[in-house]
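Beneath this line is the structure, given in structure tokens, with notes to follow.
The values are calculated or read from the model by the stated rules, or taken from the named source; none is laboratory data. Values in this document were obtained by computation on a predicted structure and should not be read as measured data. In this analysis, Cβ positions are derived from the backbone assuming ideal geometry, glycine residues included, and neighbour counts consider all displayed protein chains. Accessible surface is based on the protein model in full, side chains and every heavy atom, while ligands, DNA and RNA are left aside. Shrake-Rupley method; radii C 1.70, N 1.55, O 1.52, S 1.80 Å.
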Amino acid sequence: MKTEQYHIDGMSCAACSSAVERVTRKLAGVESSDVNLTTNRMVITYDEAQVTPDMICEKVSRAGFTASPILEKEQGKGEEEEEWRQQEEQLQAVRRRVVTAVCFAVPLLYISMGHMLPFTLPLPAFMEMDKAPLNFALAQLILTIPILICGRKFYVVGIRSLLKGNPNMDSLVAIGTGSAFIYSLVMTIGIPGDHMKAHQLYYESAAVVVTLVMLGKFMESRSKGKTSEAIRKLMELAPDRAILYENGAEREVETALVSVGQHILIKPGSRIPLDGVLVKGSSSVDESMLTGESIPVEKQEGDRVIGGSMNYNGAMEVEVTHVGSDTTLSKIIKMIEDAQGKKAPISKLADKVAGYFVPAVMGIALAAALLWWIFGGKDLAFVLTIFVAVLVIACPCALGLATPTAIMVGTGVGAGHGILIKSGEALEVCHKVDAVILDKTGTITEGKPKVTDVSVICGSVVEQVWKLEKPEAAGEGTPGDREEKEHLLWIAASCEQMSEHPLGQAIVEAAREKKMELVMPEAFESITGTGIVTTWKGWKVAVGNRRLLEHLNVPASGETTETAARYANTGKTPMYVVIDGRLAGLVCVADTIKDTSVEAVEKIKSLGVQVYMVTGDNQRTAEYIGKLAHVDKVVAEVLPEDKAEVVNRLQKEGKSVMMVGDGINDAPALVQADVGCAIGNGSDIALESGDVVLMKSDLMDVYRAIKLSKATIRNIKQNLFWAFFYNSLGIPVAAGVLYLLGGPLLSPMLGGFAMSLSSVCVVGNALRLKNVKL
């Protein structure tokens, strides 16, 4: 069996993708065929002995679409950028057509509907319906034609799909608006002989439906390709060039030319181009792109480094272990693509019905016309009235508007609350979510280190240094515990002013928040992976991690070690302050829980949703944070691929999963989940991969998003009921059932009014969503 991917052109709705799946699955030797409407890709597995790529392309072509195999090759960035540029140009072309259609639709509505309002809108005498009916009709015809030209794709694709036996939403639009236009054209031709035919024009129905559907298609197209944007930014993380180190000489080469086993140099402040093992040097490396953890990782000889991560302050010589598609970054990109491919689009009810609705309505219209002609003995005008009335009243406007109008209003309400919902699909799926997975760092927590605790061990030495800089304090009494802690923080912050390490900057920030006036040390030395050593008026003051004590040969008592371990077990990083060879105290730094996290978790749980927390932290620290945040379950020590697997495992248990995260490492899980929810202050990759973006970085918005989705789905169901109710009631009446029973014959004008009324009801009901309380 062979698995291949094909690019499919010409699809516009779920009916199209299901048609492609249906025809390809009928090929003998095809094991599976899945089409992703969002990416226009088909993944097909087949027996090479029975099926060839040409047979697949031919089968798809007969269904009315175009298929082309996606070759397994690595494109250069230039070729990819050209492809993205073409997609952007296509989107702008659609935008221009929509704007053009709207510009013509507004005056068309003014002319055609102005006389129906309670207050008649004025028209020039030569265009008034009663005084110059032909001019009145021709003006509408002239305004309608450019709109239909702008929306010609609906007719080309819709009619072609219909002829191929695969009707879709385009077919509904083409037949409904086409019938209204042709009928109006016939009426226009007959106006010179009968001025009353000016009352039976439906140009505005055809034009406005086309304009509205074009607008919806534009919005849909704009949301497409977000994952490719995320992949593009991921690719940009790994630099194009690397410094190759051979025989003591440096040489800059393209990253693609580097092989496994070769050595590369990584200079301070540059990104690491490929995965490898550190063979010489040491540094602090920001791996937040991989792990999501905000605290840099100290790298020593023998440690593994990841391509795409940022080197801070030390030069490193690295032996390359993985290149090309084997690197961690490439695997993350592949995981996003795979997860996206498996994520089947939500089939809208209207699209599911489309395959039956179009032929059914056409059949009813044709059958009713023929029955009246053959058995009723009616003339052609009567038969045509029946035929067009059925098609006009069954126009899919209300059916087509039922979902998108509610989604447009729902997403607008969400945006007003700082909840950006990228697609109607995400808004629909949210209401079914019964498991929410929260990434710890940056989601439950702030995502940046802060000083949480200060512990003084040797107060006398702290005060000696303090009084050197503050001689006025020499005459004061013994300081209290609070003052000693502030003095220790002041000393540590003054030392860390020249440090670029995030933990040191957190200490400086804490002192500045307390309005402390810091003093610059006389000498400063940074020891990579250990800490800093400074000199103050003959005093040697050092701040750093546990390695600092070993470096300076400073002993730590058992009590101090227990205190540091207790802090570490609660997710805090203890920083040791050493003054002239004596351990003066500890300053603890940690990523703290957001103020709203606990309340948000409780609110989400109140909706009957289970809340999970995933993190790369060790089990003990994770359990502690999870208990503070009130989550139901904790999954610790996870890698990026594990996060996606956690999502996958819950999905296999039958759960509808929402993943909430902010880091690049969350991107595969965000795409794998039924709904990916990205925190607004997170990485661009997460924001692009997420279906929902929380701009305020507030977990309460997760609760609000789910609540909004439930209200929107309820509204959509109401809209669909009304749309089907009008169609079910209107079609028999239009077919002449009431006339048969001695009642009136429904004219196409009343059919058009009923159709418009159904649309008004749908839109009006959708607007009620604006009043929903989040």
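Just add up the charged neighbours of residue 281: K/R +1, D/E -1, any other residue whose Cβ is under 13 Å from the Cβ of residue 281.
Cβ neighbours under 13 Å give a net charge of -2.
May I ask for the Kirkwood hydrodynamic radius of region 123-195, worked out over all distinct Cα pairs and given in angstroms to one decimal?
13.7
Assuming R0 = 45 Å, what is the FRET efficiency of residue 562 and residue 522, from their Cβ-Cβ distance, to the nearest 0.05?
Rounded to the nearest 0.05, the efficiency is 0.80.
Starting from one equal scatterer on each C-alpha and no solvent at all, send me the Debye-based log10 I(q)/I(0) for region 544-668 at q = 0.10, 0.17 Å⁻¹, two decimals.
Debye output, listed in q order: -0.45, -0.93.
Of the cross-linked pairs 594/773; 605/717; 432/652; 331/643, which ones have a Cα-Cα span greater than 20 Å in the structure shown?
594/773; 605/717
Amide H to amide H under 5 Å from residue 635: which residues, 5+ apart in sequence or cross-chain, H placed 1.01 Å off N in plane?
Under 5 Å from the amide H of residue 635: 613, 614, 615.
Within region 574-668, report the chymotrypsin sites (Phe, Trp or Tyr not before Pro) that DSSP leaves as loop and that have at most 11 other Cβ atoms within 10 Å.
none
Highest mean first, what order results for 206-213, 504-511 on Cβ atoms within 10 Å?
206-213, 504-511
Can you compute 3J(HN,Hα) from phi for each residue in region 254-262, using the Karplus curve 6.51 cos²θ - 1.76 cosθ + 1.60 with θ = phi - 60°, rounded to whole Hz and x for Gly and Pro?
For region 254-262, the Karplus curve yields 5, 4, 5, 8, 7, 10, 4, x, 6 Hz.
Per-residue counts of other Cβ atoms within 10 Å, averaged by peptide: what ranking do you get for 447-457, 697-707, 119-129, 190-200, highest first?
With the highest mean Cβ count within 10 Å placed first, the list reads 697-707, 447-457, 190-200, 119-129.
Sort 580, 286, 439 by accessible area with a 1.4 Å probe, largest first.
580, 286, 439
Would you kindly compute the Cα radius of gyration of region 408-558 and its largest Cα-Cα separation (Dmax), both in Å?
Spelled out, the Cα radius of gyration and Dmax of region 408-558 are 23.2, 71 Å.
Which peptide among 173-179, 738-744 comes first, and what is the full order, when sorted by highest mean count of other Cβ atoms within 10 Å?
The packing order, highest mean first, is 173-179, 738-744.
Please go through the residue pairs 217/655; 603/633; 485/572 and name each one whose alpha carbons sit more than 20 Å apart in this structure.
217/655
What shape does region 605-656 take by its C-alpha gyration tensor, where a ≥ b ≥ c are the square roots of the eigenvalues and a/c under 1.5 counts as rounded, a/b above b/c as prolate, and the rest as oblate?
Here region 605-656 falls in the oblate category.
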